[in-house]
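Asks: Just dropping this structure here.
The values are calculated or read from the model by the stated rules, or taken from the named source; none is laboratory data. Keep in mind the model is a prediction, meaning the values are calculated, not measured. Cβ placement follows ideal geometry from the backbone for every residue including glycine, while neighbour counts extend to all protein chains displayed.
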Amino acid sequence: MVVNKLKKKVKYRGSKTHGCGSMKKRRGAGHRGGRGAAGSGKRGDAKKPSIWNEKYFGKQGFTSRFKKLNIINFKEIEIKLPQFIKRGLAKENRGVFEIDLTKVGYDKVLSTGKITKKLNLKVKSFSKSAAEKIKKAGGKLE
């Protein structure tokens with residue numbers, strides 16, 4: 001048998017205090033010790049243990065000294081080559097594809113994947129194995 005439950009709105013209709021005792025008792029943020037991290041000042045020692053969980057005191061994390069590099073593999077270059085040509089970021093001259101990866105937004109080339117086409121790549125840095133693979137395929141790295 002399903003029991004019809006009254007909504008709070010209806011249940012407390014006509015009740016002055018909504019089941020919370022005296023009118024003074026549940027008034028404002030003072031009832032719960034202030035808003036947010038209030039009261040954690042000079043004499044707030046009693047409040048501090050409740051604030052410790054909220055990462056309130058001290059520094060958090062660290063700042064990296066190194067810039068994160070955007071890397072690309074030969075595998076991705078092979079897949080994205082038609083898109084680069086469509087957008088005008090790559091050109092084909094006599095079977096050699098010229099791509100300026102710095103304009104595309106990449107900083108480093110890694111050697112994962114096979115090279116099936118001759119590539120002339122402009123990029124800030126590259127791995128040794130990437131340079132070897134490009135030379136074997138008949139391309140250049142700048």
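Asks: Looking only at region 63-85, count every residue that is surrounded by fewer than 15 Cβ atoms within 10 Å (Cβ to Cβ) and either in contact with a helix residue (DSSP H, G or I) (Cβ under 7 Å, 6 or more places away or on another chain) or among the small types (Gly, Ala, Ser) (or both) and tell me the total.
Replies: The qualifying residues number 1.
Asks: With the condition kept exactly as written, say whether any residue in region 26-40 is of a type outside the set (Gly, Ala, Ser) and closer than 30 Å to Val96 by Cβ.
Replies: No, the conditions are met nowhere in region 26-40.
Asks: Tally time: how many residues in region 25-62 are surrounded by 10 or more Cβ atoms within 10 Å (Cβ to Cβ) and of a type in the set (Lys, Arg)?
Replies: Residues flagged as surrounded by 10 or more Cβ atoms within 10 Å (Cβ to Cβ) and of a type in the set (Lys, Arg) within region 25-62 amount to 6.
Asks: Let me ask you something else. Within region 123-142, restricting attention to residues that are without any contact (Cβ under 8 Å) to a residue 40 or more places away in the chain and surrounded by 14 or more Cβ atoms within 10 Å (Cβ to Cβ), which residue is farthest from Glu92 (Cα to Cα)?
Replies: Ser127
Asks: Applying the selection to region 1-39, what residues are touching a residue at least 12 places away in the same chain (Cβ under 8 Å) and touching a helix residue (DSSP H, G or I) at 6+ places or on another chain (Cβ under 6 Å)?
Replies: If the condition is that a residue be touching a residue at least 12 places away in the same chain (Cβ under 8 Å) and touching a helix residue (DSSP H, G or I) at 6+ places or on another chain (Cβ under 6 Å), then Ala37 is the only one that fits.
Asks: Something else about it: If we keep just the residues of region 45-68 that are among the polar types (S, T, N, Q) and either touching a Leu at 6+ places or on another chain (Cβ under 7 Å) or assigned to a loop (DSSP other than H, G, I, E, B) (or both), which is modelled with the lowest pLDDT?
Replies: Out of the qualifying residues, it is Gln60.
Asks: When you go through (1) touching a helix residue (DSSP H, G or I) at 6+ places or on another chain (Cβ under 8 Å); (2) at pLDDT below 85; (3) exposed (fewer than 15 other Cβ atoms within 10 Å of the Cβ) one by one for Lys91, which number turns out not to apply?
Replies: Unmet for Lys91, out of (1) touching a helix residue (DSSP H, G or I) at 6+ places or on another chain (Cβ under 8 Å); (2) at pLDDT below 85; (3) exposed (fewer than 15 other Cβ atoms within 10 Å of the Cβ): (2).
Asks: Turning to a different aspect of this structure: When the residues of region 7-34 are filtered to those that are outside any helix (DSSP H, G or I) and modelled with pLDDT under 85, which remaining residue is nearest to the chain's Cα centre (by Cα)?
Replies: Filtering region 7-34 for residues that are outside any helix (DSSP H, G or I) and modelled with pLDDT under 85, the one nearest to the chain's Cα centre (by Cα) comes out as Gly34.
Asks: From the list Lys42, Lys80, Lys103, which one is free of Cβ contacts under 8 Å to residues at least 24 places away in the same chain and assigned to a loop (DSSP other than H, G, I, E, B)?
Replies: The unique qualifying residue is Lys42.
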